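Heads up: the structure comes next, in structure tokens.
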Amino acid sequence: KIFAFLDDGKVYLSESKELFEKLLCDEKIEKYTRNSKSIFAYADRNGFEIKSLVFDVELAAYLLEPSSKDYSDENLCKLNEIELPTTANEEYKSYRALAVYDLLWEKINSEIKANEQEKLLVDIEIPLANVLAKMENIGFDVDRQGIEDYGKMLSEQIKSLEKSIYESSGTQFNINSPKQLGKVLFEDLKLPCKKKTKSGYSTNADVLEGLRYEHP
């Protein structure tokens, strides 16, 4: 298989398994990737640990928009106004790598910083992807019926909480969207704004905790 990597503004293509694994193991080289879990799974199957993986485009996009069902290259680039060519040749693969690992990373990373989600991504989501990859490789026994019943119970609780939130705010919106949540809290409900970011109102845990007695 061919893998592509971006270094110092240039895109390289290689079929060398040894080079691929050497790059992943090099602690001095920071890695910015499209999907860390698949790479963590590969490393686990081949008996080595990845070092200095610091950004995952898909996980970052998920943190910015948890309710989305499409984190494909095409959709993420479309949302961020990055054009991908349609011809499936070597030049296309190189351009795709450049767009996904450079242009797309830059835009998504700026939003992550604006929303103060860097620690969430680096300290929780990426390490969790490594754990999940190993779990998927090994597998484990579960109480399937118990999990399904628990999931149904959680879904009912979530629906009840969402209904209560909509009734209290007087409108329906995407609760997982920081932008929409900020508008409802600080523009519609006129709650005191504690902090603003470059992209709008801050709705991090500290801000929400400080508002808990201001409104139901």
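Can you bin every Cα-Cα distance in the stretch 137-216 into 5 Å intervals starting at zero and give me the percent of pairs per bin, rounded to whole numbers?
Per 5 Å bin, starting at 0, the Cα pair percentages come out as 3, 12, 19, 19, 12, 9, 9, 8, 6, 2, 0.
Obtain the nm distance between the two label points defined at M153 and D206 by a simple spin-label model: each point lies 7 Å from its Cα along the Cα-to-C-beta direction.
Simple spin-label model gives 3.5 nm for this pair.
Within the stretch 109-216, list the trypsin sites (Lys or Arg not before Pro) lying in a DSSP loop whose Cβ has at most 13 other Cβ atoms in a 10 Å radius.
Values: sites: K113, K119, K134, R144, K152, K159, K163, K179, K183, K190, K194, K195, K196, K198, R212; in loops: K190, K194, K195, K198, R212.
Passing sites in the stretch 109-216 are K190, K195, K198, R212.
Where the only charges are on Cβ atoms (+1 Lys, Arg; -1 Asp, Glu), what is the dipole of the chain about its Cα centre, to the nearest 20 debye?
The dipole of the chain has a size of about 420 debye.
Can you say what percent of the DSSP beta bridges in the chain, counting only those with both residues inside, are antiparallel? Round to 5.
Details: 7 of 10 bridges.
Bridges in the chain that DSSP calls antiparallel: roughly 70 percent.
Would you please name the trypsin sites (Lys or Arg not before Pro) within the stretch 1-59 that are DSSP coil residues with at most 16 other C-beta atoms within 10 Å of their C-beta? Write out the running numbers ahead of the final one.
Numbers: sites: K1, K10, K17, K22, K28, K31, R34, K37, R45, K51; in loops: K1, K28, R34, K51.
Those satisfying the criteria are K1, K28, K51.
Just D56, D102, D206 to compare: in a GNM of the chain, with alpha carbon springs under 10 Å, which one fluctuates most?
With Cα springs under 10 Å in the chain, the top fluctuation among D56, D102, D206 is at D206.
GNM, the chain, Cα, under 10 Å: largest mean-square fluctuation among G170, G182, G151?
Looking only at G170, G182, G151, the largest GNM fluctuation is found for G151.
Run the numbers on the chain and let me know its relative contact order in percent, using alpha-carbon pairs under 8 Å that are six or more apart. Spell out each step's value before the answer.
Numbers: 206 pairs, mean separation 41.8, N = 216.
Relative CO of the chain lands at 19 percent.
No solvent, one uniform scatterer per C-alpha: report log10 I(q)/I(0) for the chain via the Debye equation at q = 0.19 1/Å, two decimals.
The computed values of log10 I(q)/I(0) come out as -1.40.
Ignoring chymotrypsin sites (Phe, Trp or Tyr not before Pro) that are buried or in helix or strand per DSSP, and keeping those with at most 15 other beta carbon atoms within 10 Å, what is the longest stretch of the chain between them? All intermediate terms of the calculation are to be shown ahead of the outcome.
Working: sites that count: F48, F140, F173, Y213.
Within the chain, the longest run free of exposed chymotrypsin sites (Phe, Trp or Tyr not before Pro) spans 49-139.
Readers should treat all values here as calculations from the given coordinates under stated rules, not as data from a laboratory. Note that the structure is predicted; figures quoted are calculated from it, not measured. Positions of Cβ are backbone-derived with ideal geometry, glycine not excepted, and every protein chain shown enters the neighbour counts.
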